[in-house]
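J.: First the structure, then my questions, so here it is.
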Amino acid sequence: MTSPSTGESFTTAIERLDRALNRLDTSVRSLTGRLRSSSQLQADSQRLAGELDRATARADKLDEAAEIVSKRIEEAMTSVRSVLEEGDARG
């Protein structure tokens with residue numbers, strides 16, 4: 001048979017084990033939540049990187065188009081000046 005002190009030790013051990021399991025369960029739940037958050041952050045980061053790449057490509061195209069337009073305006077201004085100078089030269 002078990003003595004009262006052995007029974008108390010066993011009960012104490014069970015209580016300690018129960019508390020430890022509760023702490024472990026809490027830690028696992030917390031870690032699971034953090035992993036979910038981390039996965040969501042990674043997915044958001046990848047999505048934003050893709051959006052940034054598309055926006056950069058669009059900005060590059062707009063820069064190229066602006067340069068072309070600027071050159072055409074410059075050419076038109078040169079033509080207009082030339083026509084005006086010819087008109088002034090004629091009289």
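Only the coordinates and a few stated rules stand behind these numbers; no lab work does. Since this is a predicted model, take the numbers as computed values, not measurements. All Cβ positions, even for glycine, are placed from backbone atoms using ideal geometry, and neighbour counts span all protein chains on display.
J.: Calculate the dipole size of the chain relative to its Cα centre from +1 charges on Lys and Arg beta carbons and -1 charges on Asp and Glu beta carbons; express the result in debye to the nearest 20.
T.: For this selection, approximately 640 debye.
J.: Given the options S30, L62, T12, identify the residue whose Cα lies farthest towards the positive end of the charge dipole of the chain (+1 on Cβ of Lys, Arg; -1 on Cβ of Asp, Glu).
T.: T12
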